[in-house]
2 protein chains.
Amino acid sequence: MSIIEEQQQHFIDDIARLFVPWGVPLTAARLYGYLMLMPDAVDLDRISDDLEISKSSASVAARLLEQYTLARRRSIRGTKRILYEVSENYEEMLGQQNRLLEALANQLLKGAETSRSEKIQQRLRDMAEVNFAARDAMNEMLRGLGAKRSG
Amino acid sequence: MSIIEEQQQHFIDDIARLFVPWGVPLTAARLYGYLMLMPDAVDLDRISDDLEISKSSASVAARLLEQYTLARRRSIRGTKRILYEVSENYEEMLGQQNRLLEALANQLLKGAETSRSEKIQQRLRDMAEVNFAARDAMNEMLRGLGAKRSG
DNA sequence: ATGTATATTCGGAAAATATCGAATATGTCA
DNA sequence: TGACATATTCGATATTTTCCGAATATACAT
């Protein structure tokens, strides 16, 4: 089953095209688009068939997505089989981006401390401020979304 | 002049370490950290010396940063020399991230349209919603920051 | 126009990465 | 424990990316 249709192929490639420039390996990016389209969790054999990649590549890509929190594994009781599905709490991914913002802000502040030029110190502090503001805006947005969902 | 100090080296590498996983080539990432620390715009020869890279690499990296809007070039009247400096409107970079959010949201909606499964349609629309919300939150934050700056 | 200083592009070498099939490890059941 | 099913890792290969120095192009001044 599940020979991927033309339109789905396109969708998968479109999604991949967006993520690849941001450092996500092509296969992982395609897998992400693929998982979005799967109504239920799928196993490595099916991934391998549908995406026409080896099972080892499928395994590597799946665990990479897991690391990014873009996908989750579901272990099946009573068998070693693992199913992968797109992560439902999609917000996690944005949280990831937030971590970069925060880490960057912290580095900037640290750099400001160790700089001897007043101008540079000011610049780095300003940049840090923007990052923190961005992080806060994101967090607030996520909180609002969560409230809406549960409320 | 301007042999880079130990601490500055560290700063540069720390910044680079953050950006490389997001698809920024090492040399460009290091150049970015370096430019943050320079009080004034610098030319390719100096970059090449300080970062210990060839001038061609410096040229490529600088123009890549320019593309990312992380750096700007300043042409010097009366000479062919080009100076590079870190982009002052740092918000640009976040705007860049926003473009990914928006592009992704649009792809998701398009995918939702062409999907025949109700469940998938709903999932893709939900994901798109989060993306749009994130984009809006970012834009609002940037507006607020701009107002604060000019006000 | 020509010469000079500089940036950019080119071609090849080196390094990193992705991918595969085979080998290995791991979990599950009897 | 042994047998089986499945995931993961390993080693080799192919591909891609990065980097350099040399060659070329470009802008400016005389």
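Readers should treat all values here as calculations from the given coordinates under stated rules, not as data from a laboratory. Quantities reported herein were computed from a predicted structural model and do not represent experimental measurements. With ideal geometry, Cβ positions are generated from the backbone for all residues, glycine too; neighbour counts draw on all protein chains shown.
Rounded to the nearest 500 deg cm²/dmol, what is the calculated helix-only ellipticity per residue at 222 nm for chain A, with -39500 (n - 2.57) per DSSP H run of length n ≥ 4? Please report the intermediate quantities before stating the final value.
On the way: 6 runs with 105 residues, N = 151.
That comes out to -23500 deg cm²/dmol.
Mean silhouette area of segment B:1-97, derived from the convex hull of its C-alpha atoms and averaged over all directions, reads 6.3 nm². For segment A:6-86, the dipole from Cβ point charges (+1 on Lys and Arg, -1 on Asp and Glu) about the Cα centre works out to 500 debye, to the nearest 20. Diffusion coefficient (Stokes-Einstein, Kirkwood radius over C-alpha pairs, 10 °C, 1.306 mPa s) for segment B:19-151: 91 µm²/s, rounded to a whole number. Rounded to the nearest whole angstrom, the semi-axes of the ellipsoid equivalent to segment A:91-150, taken from the Cα gyration tensor as √(5λ), stand at 30, 10, 6, largest first. Assuming charge only on the beta carbon of Lys and Arg (+1) and of Asp and Glu (-1), the dipole of chain B about its Cα centre is about 640 debye to the nearest 20.
Remark: segment A:91-150 carries a charge dipole of roughly 40 debye about the Cα centre, counting +1 on each Lys and Arg Cβ and -1 on each Asp and Glu Cβ. For the rotational copy pair B/A, the chain B residue whose Cβ lies nearest the symmetry axis, together with its distance in Å, is B:Gly23, 2. Rounded to the nearest whole Hz, the Karplus-based 3J(HN,Hα) values (6.51 cos²θ - 1.76 cosθ + 1.60, θ = phi - 60°) of segment A:128-133 follow the sequence 4, 4, 4, 4, 4, 4, with x at glycine and proline. Sequence-distant contacts, meaning Cα pairs under 8 Å at least 6 residues apart, place the relative contact order of segment B:91-150 at 39 percent. Placing a label point 7 Å from Cα along the Cα-to-Cβ direction at A:Ser75 gives distances to the equivalent points in the other copies of 6.3 nm, listed shortest first.
For the protein assembly as shown, the orientation-averaged shadow of the C-alpha convex hull comes to 20.1 nm² (one quarter of the hull surface). Compute for segment A:65-128: radius of gyration divided by Kirkwood radius, i.e. Rg/Rh, restricted to C-alpha atoms, rounded to two decimals. Looking at segment A:65-128, the ratio lands at 1.36. Mean separation of Cα pairs under 8 Å and 6 or more residues apart, divided by the residue count, gives segment B:6-86 a relative contact order of 28 percent. Label positions at A:Glu52 and B:Glu88, each projected 7 Å from the Cα along the C-beta direction, are separated by 5.3 nm.
For the residue pairs B:Lys110/B:Lys148; A:Lys110/B:Lys55; A:Lys119/B:Lys148; A:Lys110/B:Lys80, the C-alpha atoms sit more than 27 angstrom apart in B:Lys110/B:Lys148; A:Lys110/B:Lys55; A:Lys110/B:Lys80. Between identical copies, the spacing of A:Arg17 label points, each set 7 Å from Cα toward the C-beta atom, reads 3.6 nm from nearest to farthest.
Computed log10 I(q)/I(0) for segment B:1-46 at 0.14, 0.27 Å⁻¹: -0.32, -1.01, from the Debye equation with unit scatterers placed on every C-alpha and solvent omitted. Within chain A, the longest run free of GluC sites (Glu not before Pro) that sit in a DSSP loop with at most 13 other Cβ atoms within 10 Å is A:89-151. For segment B:1-85, the list of trypsin sites (Lys or Arg not before Pro) that fall in a loop by DSSP and count at most 14 other C-beta atoms within 10 angstrom reads B:Arg77, B:Lys80, B:Arg81.
Based on Cα contacts under 8 Å between residues 6+ apart, chain A shows a relative contact order of 15 percent. Each copy carries a label point for B:Asp40 at 7 Å from Cα toward Cβ; from one copy, the others' points are 7.0 nm away, ordered from shortest.
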